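Each remark here refers to the structure printed beneath this line.
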Amino acid sequence: MFGMADGDPTPGLWNWAIGNRIDAERVHGAIAGALERNVGPLGTDGAIMCDVYRVGGDFPTLADVYLAPAGVDEATAASAVAVRLETAVLLADDTLDPTRYVLAEPDGTLRPVHVDEIETDDGPERRGLRPCTGGDCDRTPERPAAA
């Protein structure tokens, strides 16, 4: 296993934090373009559903993607969405370290990072992005993604 989000134990549900304030329609469009499928808000029939909401922190737009297609690598999809939105997308990795995430950069590159998460009434805020260094990151090299 690569050590990034491609081993997600919850297929069909992706939770992403986006590095800028982005409108829900634009997020839906970027996901639709990346997956080549219809994407709409919760309650949309026959489509991938995506709930987009705002929080504070360095990644102020959260996107919960429901009914994500099986067989599509989450990190690769996030990479393609980051390119389309021209901003970073943060997603959980598959380690047990609660501060470690995968960062999909606007150029499509994927790399492991650490970030602090604070739970608020509005949802989780993520701050303090820093490179992944040390023993916990040795098994996960940076890699370019197919965006």
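Nothing in this text is a laboratory measurement; each read-out follows from the coordinates by a stated rule. Note that the structure is predicted; figures quoted are calculated from it, not measured. Neighbour counts run over all protein chains shown; Cβ positions are idealised from the backbone, glycine included.
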What is the fewest-to-most order of Asp45, Asp107 by other Cβ atoms lying within 10 Å of their Cβ?
Asp45, Asp107
log10 I(q)/I(0) for segment 5-141, Debye formula on C-alpha points only (no solvent), q = 0.11, 0.14 Å⁻¹, two decimals, reads -0.36, -0.58
What is the order of Arg111, Arg54, fewest Cβ neighbours within 10 Å to most?
Arg54, Arg111
Note the full-extension length gain between Arg127 and Thr44 as 0.36 nm times their separation in residues minus their Cα-Cα distance, in nm to one decimal.
26.7 nm
Taking r as the C-beta separation of Arg26 and Val72 and R0 as 22 Å, the FRET efficiency to the nearest 0.05 is 0.60
Just to confirm a number: summing +1 for Lys and Arg and -1 for Asp and Glu over residues other than Asp51 whose beta-carbon lies under 15 angstrom from that of Asp51, what do you get?
-2
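Starting with the fewest neighbours, write out Thr87, Thr133, Thr61 ranked by other beta-carbon atoms found within 10 Å of each beta-carbon. Write out the running numbers ahead of the final one.
On the way: Thr87 19, Thr133 11, Thr61 22.
Ordered by Cβ neighbours within 10 Å, fewest first: Thr133, Thr87, Thr61.
For every other residue with a beta carbon closer than 15 angstrom to the beta carbon of Glu119, add +1 if it is Lys or Arg and -1 if Asp or Glu, then tell me the sum.
On the way: positive: Arg126, Arg127; negative: Asp116, Glu117, Asp121, Asp122, Glu125.
Overall, the nearby charge balance is -3.
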